[in-house]
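The values are calculated or read from the model by the stated rules, or taken from the named source; none is laboratory data. Quick caveat: nothing in here was measured; it's all calculated off a predicted structure. In this analysis, Cβ positions are derived from the backbone assuming ideal geometry, glycine residues included, and neighbour counts consider all displayed protein chains.
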Amino acid sequence: MDEKILVVDDEASMRKMLEILFTGAGYQVQCAESAESALKAMSGSPFDLILSDIRMPGLSGLDLLKRLREEDSETDVILMTAYASTESAIEALKLGAFDYITKPFQVEELVNIVRHAFEKKSLREENRQLREELARTEKFGEIVGGNSKMKALYAMIERVAPTASTILIEGDSGTGKELVARTIHQRSTRAKKAFVAVNCGGLPETLLESELFGHVKGAFTGAVNSKRGLFDVAQGGTLFLDEVGEMTPAMQVKLLRALQEKRIRPVGSDEEHSADARVIAATNQDIQKLLKEKRFREDLYYRINVISLRIPSLRERREDIPLLAHHFLEKYARLLGKDVPVISNDAMNRLEAFDWPGNVRQLENVLERAMALIDGNVVNVGHLPEEVLGVGRPLIHEDVVIPEGEFSLSDAVESFRAAYINKALELENGVMVRAAERLGITFRSMRYFVKKYNMQAKG
């Protein structure tokens, strides 16, 4: 292990015992007989954890903790004392001690506290790296992702946003089609005008026609006043037509004419007027299948499909799941007035393993739920819903042979995984990002295994 522990205690026997204990556990251990000696040791070398007695000649363990916090040190401190009191425990925790243990203690209890401290430190470090990666990746406002397919999408958005062309966005439900449409609008020359969205599948034909083109007073029962249509509301801006594949054939004809002529006629009116709204359409249906089944007009398809964008499903960009998860935790922590929690490794592994039929929207709902349930600063497996935890049963291969004699399944799995990771790195000239994509794992996981197996790789 690379973790370094500084043991601070005025009793030589206690220092020696703790040095032997944690050196045997694989940690690097250094000892100091006083808080003053500890401060000198820390000035020359950083430590990952400090295990300190409270009552010592000169500066106490609490004084040491105060000094560290004044210097903005993030090093975790575990305090020990043979003189337990509620007041000293409360003061230690208020000053930011990781934990507090009373002498004499059970060795297993102290080892567990230290192990837990390093686990929390690892989670904080991963959280920090995710924040940094998120800051580098979040270049399109609310769109988050560093996957190669997302980068290609960003490049297309940059190219098509300044144009006036009609755009068709395709992608599964929950992938963020409206978010992409808004981003295009924000980067266009129409950004100062309105962005107007309408779900074409959520309205009956007569109401949709009125919504898009408006109506005059008395055009139909209930039309007690004239009303502007969304084409007019979006004048000079962008009109987003979501689920355009749900339109009826008659409505498709009317939309086609509006796009071709750039003029609209309100329901019940004899007069037309110009309409200058850039149209971005979207669908989660297989548009080619609709065309073959004659459920969508070819001429309308060619009119709206001047430029085509496809948003990948979350299954196609699993390496973005940690970034998205942290993004949503930050969002809902801000809304709920809570600190941003970290995600345990087990919980993150479950998120990465799930297939996400509802895509990014479903992931956001899961993280919003976790923020509502959490009562600490770590999202763990217990905060995830059953559908995410029920990943599915492993496949059983009938040709598997288990050798006679001593056999370790965990060793076999590790060997198998190491071989594939090494091969992927070899094929990608040591570039971890590309090797991770080839194996369908996250960059975070790749980085972890490269370090674990002591492999040579590039970022």
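Out of ALA277, ALA281, I need the residue that is surrounded by 19 or more Cβ atoms within 10 Å (Cβ to Cβ), in contact (Cβ under 8 Å) with a residue 60 or more places away in the chain and in contact with a Cys (Cβ under 9 Å, 6 or more places away or on another chain). Which one? Matching residue, one of ALA277, ALA281: ALA281. Considering LEU110, LEU153, LEU168, the condition of being crowded, with 16+ Cβ neighbours inside 10 Å, at pLDDT below 95 and closer than 30 Å to GLU364 by Cα is satisfied by LEU153 alone. Within the bounds of region 115-126, is there any residue that is modelled with pLDDT under 75, in a helix (DSSP H, G or I) and among the hydrophobic types (A, V, I, L, M, F, W, C)? Taking every residue of region 115-126 in turn, none turns out to be modelled with pLDDT under 75, in a helix (DSSP H, G or I) and among the hydrophobic types (A, V, I, L, M, F, W, C). Do the conditions hold for ILE54, that is, is it within 39 Å of the chain's Cα centre (by Cα), surrounded by 13 or more Cβ atoms within 10 Å (Cβ to Cβ), of a type in the set (Val, Ile, Thr) and not assigned by TED's automatic domain parsing to the domain that holds GLY376? No; evaluated as a whole, the condition is false for this residue.
Among residues of region 6-23 that are over 19 Å from ASP48 (Cα atoms) and at pLDDT 90 or above, those with a beta-carbon under 9 Å from a residue that is among the aliphatic types (A, V, I, L, M) and part of a helix (DSSP H, G or I) at least six positions away or on a different chain give the pairs MET17/VAL107.
Given the criteria modelled with pLDDT under 95 and out of contact with any helix residue (DSSP H, G or I) (no Cβ under 7 Å at 6 or more places or on another chain), does ALA181 qualify? So ALA181 does not fit the description; no. Scanning region 127-150 for residues that are modelled with pLDDT under 65 and hydroxyl-bearing (Ser, Thr, Tyr) returns a single hit, THR137. Where strands (runs of 3 or more DSSP E) sit wholly within region 1-82, those with at least 2 residues that are over 18 Å from TYR100 (Cβ atoms) occupy 28-32.
Residues that are in contact with a Leu (Cβ under 7 Å, 6 or more places away or on another chain) and on the phi < 0 side of the Ramachandran plot number at least 2 in the following helices (runs of 4 or more DSSP H) confined to region 289-389: 298-304, 321-336, 345-353, 359-373. Once region 410-427 is narrowed to residues that are under 25 Å from LEU351 (Cβ atoms) and at pLDDT below 85, the residue that is surrounded by the fewest Cβ atoms within 10 Å (Cβ to Cβ) is SER410.
Going through ARG334, ARG317 one at a time, which residue ends up being within 30 Å of ARG444 (Cβ to Cβ), crowded, with 19+ Cβ neighbours inside 10 Å and among the charged types (D, E, K, R)? Answer to the selection: ARG317. Within region 379-390, is even one residue among the small types (Gly, Ala, Ser) and modelled with pLDDT of 85 or more? Yes, some residue in region 379-390 is among the small types (Gly, Ala, Ser) and modelled with pLDDT of 85 or more. ALA82 meets the conditions (1) without any contact (Cβ under 8 Å) to a residue 60 or more places away in the chain; (2) touching a Lys or Arg at 6+ places or on another chain (Cβ under 9 Å); (3) within 28 Å of ASP2 (Cβ to Cβ) in every case but one. The failed one is (3). Only residues that are within 17 Å of VAL7 (Cα to Cα), part of a helix (DSSP H, G or I) and among the aliphatic types (A, V, I, L, M) were counted across region 93-110, and they come to 2. Restricting attention to region 428-454, and to residues there that are buried (at least 18 other Cβ atoms within 10 Å of the Cβ) and of a type in the set (Phe, Trp, Tyr), which single residue is farthest from PHE354 (Cα to Cα)? Checking each candidate, the answer is PHE449. Out of ASP63, ASP9, one residue alone is surrounded by fewer than 18 Cβ atoms within 10 Å (Cβ to Cβ) and not aromatic (Phe, Trp, Tyr). It is ASP63. Among all residues of region 349-368, there is at least one that is surrounded by fewer than 21 Cβ atoms within 10 Å (Cβ to Cβ), touching a residue at least 40 places away in the same chain (Cβ under 8 Å) and farther than 30 Å from GLU243 by Cα. Selection over region 36-70 of residues that are closer than 13 Å to MET80 by Cβ and free of Cβ contacts under 8 Å to residues at least 40 places away in the same chain gives a count of 5.
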